[in-house]
Each structure stands twice: as structure tokens, then as C-alpha cells.
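Since the structure comes first, as C-alpha cells, the remarks are kept for the end.
A short reminder: the numbers here are calculations on the coordinates, not readings from a lab. On a predicted model such as this, the values are computed, not experimentally measured, just so you know. Positions of Cβ are generated from backbone atoms using ideal geometry, with glycine treated the same way; all protein chains shown enter the neighbour counts.
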């Protein structure tokens with residue numbers, strides 16, 4: 001029996017009863033990176049919507065109030081569990097390269113990368129997928145009209161949303177790029193400066209764009225007046241979009257990846273996400289080691305070596321499965337993991353240069369994630385992005401949203417790192433209509449009693465953060481504890497084990513360095529994890545919001561419908 005067939009059969013067995021026998025959630029749960037977005041999701045649930053309607057509300061609101069992280073000009077991944085069908089689906093609303101894109105479009109005459117063109121301005125933008133994703137979710141899986149789910153975001157855009165600490169912090173190193181674009185400067189800056197915290201920001205153009213989407217569906221964005229305005233604006237600023245690019249865009253439904261570890265079932269993102277395969281490889285490498293019984297130094301040694309090998313394979317093999325043959329069967333095989341495990345020295349670091357492969361930068365809290373559980377047992381894990389903070393720092397006047405700079409997520413040139421220090425090979429090379437490889441890893445963890453929904457932003461560090469969150473939940477931590485876990489990271493290249501300030505003590509750092517690891521404290525904390533969890537035996541739920549941004553995010557549970565107010 002092939003490995004993939006075995007995985008598929010296991011998936012049928014593992015997933016039986018995820019939302020079946022047992023107690024349905026007594027309360028709904030919404031955990032997102034912004035309280036205004038969480039409240040939007042709760043409002044739509046209170047109006048009779050399900051988790052997927054709430055996902056539309058949260059997504060659209062985050063695009064307004066967290067423009068540094070996501071929006072209508074970007075894309076995302078929606079991992080869904082459909083309770084009545086006991087089925088999971090992965091909705092790929094990732095951006096696509098324009099049809100006029102070429103392999104070497106960011107290289108100069110000497111073959112050297114011109115990185116700024118892949119980061120700032122019109123040429124950096126892929127074709128947005130998030131608007132199509134919202135329409136798809138509402139039409140196929142929601143209970144409410146799209147207009148109702150978009151209503152909170154439309155109202156906030158008209159009445160004004162509150163510019164907060166995270167908005168201001170992330171704008172710090174992108175302000176000059178924003179000020180260079182007339183549309184972005186007019187929308188987000190006040191007299192050329194970062195708005196003061198607490199400033200009420202109104203965005204009537206965003207409201208009109210959402211109203212058009214609500215009344216006309218995907219054609220309201222991808223055809224007609226708005227599409228023509230977007231294409232003209234991008235081309236005027238040196239971009240290569242065409243109206244055909246927008247007409248051709250479609251979301252793709254894919255089968256989630258499924259794996260098992262320590263008696264838990266994990267449902268996670270398939271390519272063009274690299275996250276699910278990297279999780280599977282890392283966990284299967286650790287599965288064959290006495291990891292849970294080891295001391296902290298030995299655990300970090302094994303974890304780092306497993307991540308090193310998973311990220312190395314990410315660089316070589318992974319890309320858009322509609323364009324390249326991704327060897328999923330091989331990469332998820334326990335036999336392949338055993339071979340990788342055999343190359344790990346028990347007490348010495350393996351230099352990344354010694355692993356055959358391809359041949360550096362800090363990661364911010366760009367991208368965003370939210371987790372939802374409704375009272376029917378539906379689940380939504382959604383990670384969405386515009387790539388770097390404030391995307392490509394460009395707004396087409398009259399649209400109300402920033403465009404992405406996802407073209408930087410392609411391998412601009414073999415072995416050349418992108419803005420997150422990730423290197424790539426031909427599998428992730430630029431091609432017309434291709435989706436760039438992503439690290440976004442929305443996931444479900446299904447245990448004997450509890451089901452959890454989780455994910456995080458953080459660029460290349462997303463995978464290691466989700467891994468740490470999953471392992472914390474398997475160790476019995478609460479949703480809030482999992483969201484707050486100290487974080488470490490290794491991604492093959494650069495060959496550095498980084499850690500958040502306070503995550504490792506001096507003795508541990510010294511012991512790892514004695515083993516040959518290069519260990520460095522990060523300048524900042526990273527990530528913004530949000531977790532929702534449901535006890536299928538009792539029906540109780542809990543939620544966790546990453547404390548790294550203080551009270552910006554919000555994890556909230558709903559009270560019973562017989563208690564007057566639906567949500568607190």
C-alpha cells in the first residue's frame with residue numbers, strides 16, 4: 001500500500017467523530033489579532049451566522065483595521081471543518097503572479113537581484129485572492145447573505161476605526177515607502193506623519209469596495225469598473241497587471257494534509273503552503289527520538305536539527321502544485337523521515353552548509369491569523385496576508401486598500417534570500433499565473449477529548465511557531481498558554497538558532513553553543529498566535545490571544561443563547 005493511500009485511509013479513521021459523538025460547543029469562540037475584528041465575528045454569529053460567515057466578517061474587518069497585515073489587496077488560506085459533513089476543506093485564496101510575469105523580472109542586466117522592485121510599488125504586487133475567497137466562503141459554506149457578513153466592516157469603514165499601537169509600530173519602518181505613494185499617503189498618513197494612537201480613521205472607499213462585492217459578488221472586484229480602475233492604477237505606476245489577470249483569478253479548493261503524532265491528529269495546510277509538509281517532517285523526525293523524556297538542551301538540539309532539515313527541503317522541493325510536481329508522498333513518508341533522523345548527531349550541531357541544498361533578515365508581525373469555533377462545531381482557521389507590513393505600500397486611489405508584495409515570496413533567483421531570509425530553487429520560481437510558496441500554516445489539532453484551532457503570522461517563523469503551539473497543546477497547556485509560549489526558530493539558512501528575549505536562559509544558550517550551534521537572541525518578539533479550543537466531552541471552550549501585543553487582539557467566547565446577551 002502506498003504511503004499516500006495509507007495517509008488517506010488513516011485520515012478517514014482519525015477524523016471520524018471530530019464533531020460527532022459528544023457535546024457540541026456550549027459557546028462560540030472567536031480569537032483574532034484585533035478586538036474590532038473579533039467583535040465583528042461575534043456580531044455575525046449573534047445574527048445567526050455560522051463560523052464561515054463569521055470568518056468573512058473577521059477577515060474583511062482585519063483588512064480595514066489591520067492594514068499592515070492583510071486586506072482585500074492580498075490573499076489567504078482558509079482551513080475549514082464542516083461539522084454536518086464531518087469534512088475538512090482547504091480554500092486557497094493565495095495571490096497569483098500576473099500573466100506578464102517572467103522568471104528574471106527582478107534581475108538587472110548583470111543578473112543581480114533588484115530587491116526593492118519585489119518589495120515596494122506596483123511591480124511587487126500579485127493578483128489578489130482574498131476578495132474571491134470571501135465570496136466563495138459566503139456562497140458555498142455560509143448561512144447569511146454576504147452583505148450581512150460584510151456589514152460590520154462596512155460600518156466601521158464609514159464611521160471610523162481606531163488606529164492603535166500595533167498599526168503605529170508596524171508603520172514605523174514603512175512610513176517612507178507609504179509617503180512615496182500618493183494613494184497610500186492620503187489614506188494612512190496625517191500630514192505625512194504616522195497618525196497618533198487613538199486617531200479615528202475613516203475609509204469610505206473601502207466601504208464602497210465591500211458594498212460592490214456584496215451586491216455583485218466576485219464580479220464586483222474582478223470585472224467591471226473596479227477591475228479597470230485597479231489595472232489602470234497599477235500600470236500607471238509601472239506594474240504589469242491586465243484585466244485578464246483579474247478575470248482569470250479563481251480560488252482553489254484543496255485537500256488538507258493530515259498526520260498523526262503522539263496520539264493526536266493534525267489537519268493542516270497543503271502546498272502552496274510549505275507549512276503542513278514542514279510540520280509533518282519535523283514531527284516525524286522527532287517521533288523516532290525520546291523527545292518528550294529529554295532535558296531542555298537535548299530537546300532544543302533535536303528540534304533545531306529537525307527544523308533545519310524540514311526548511312532545507314522547503315527550499316528545494318516546494319512550490320505551487322498546479323505548476324510543479326511536489327513530492328508530497330516522499331516528503332511525508334516516515335521512511336524518509338527516518339533517513340533524515342539518521343543524519344542527526346546526538347550532541348553536535350550539523351552545519352547547514354553540510355546538507356546538500358541551495359546556495360538573511362528579521363521577520364515582523366506581518367500577516368494575521370484568526371480562529372473560530374461555532375456552536376454547531378464548525379471550525380475555521382484562517383491566515384491571510386499582504387506579505388510585508390503595509391504590503392507594497394501602494395493604494396490605487398478610490399479603492400481603499402493596499403496591494404500586496406507577494407511577488408517577493410517567489411524565488412527571485414536560486415539561493416537568493418527573500419525578505420524573510422528564505423532561499424528557494426526552481427520549484428518556486430516565478431511563472432505567469434503561479435502562486436508563490438507560503439509559510440502560512442492554519443491548523444487543527446484533534447485529541448482524544450479536545451479540538452483546537454490555531455495559527456499565527458510571522459513570515460518564515462510561522463511554521464516553527466505553529467509547531468511549538470501544537471506541542472504545547474499536546475502537553476496539556478491551555479489555549480492561552482499555547483498562544484503565549486516562548487519561541488525559538490531555525491530555518492536552515494541563515495544557519496542561526498534564534499530565540500525571543502527570555503525564551504532561553506544563559507546556561508541553555510551556553511550548552512547549545514558548546515554543541516556547535518550559532519545561537520542569537522532576536523531583537524524583538526515575534527508572531528501573533530490566536531487559539532480556540534473545544535472540549536468535545538463537556539462542550540466547554542477556551543480561547544487564547546497572543547499577549548505580545550497586549551490588549552490589541554481579543555479572544556472571546558459567547559454565552560448561551562438562553563442567557564439573554566449572546567456574547568460577552
* What is the pair-distance distribution P(r) of segment 149-298, computed from all Cα-Cα distances in 5 Å bins starting at 0, with each bin given as a whole percent? -> 2, 7, 10, 10, 11, 12, 14, 10, 8, 7, 6, 2, 0
* So how do 427-435, 377-385 stack up, highest first, on mean other-Cβ count within 10 Å? -> 377-385, 427-435
* **Semi-axis lengths, Å, segment 59-101, gyration tensor of Cα atoms, sqrt of 5 times eigenvalues** => 25, 18, 6
* Structure fact -> If N is the residue count of the chain, its Cα Rg over 2.2 N^0.38 Å rounds to 0.90
* Asked: Want the number for residue 46 to residue 173: 0.36 nm per residue separation, take away the alpha-carbon distance, what's left?
  -> 41.8 nm
* Spin-label point model (7 Å from Cα, Cβ direction): what's the residue 343 to residue 235 distance in nm? -> 4.8
* Residues 495, 104, sorted so that the one with the fewest Cβ neighbours within 10 Å comes first -> 104, 495
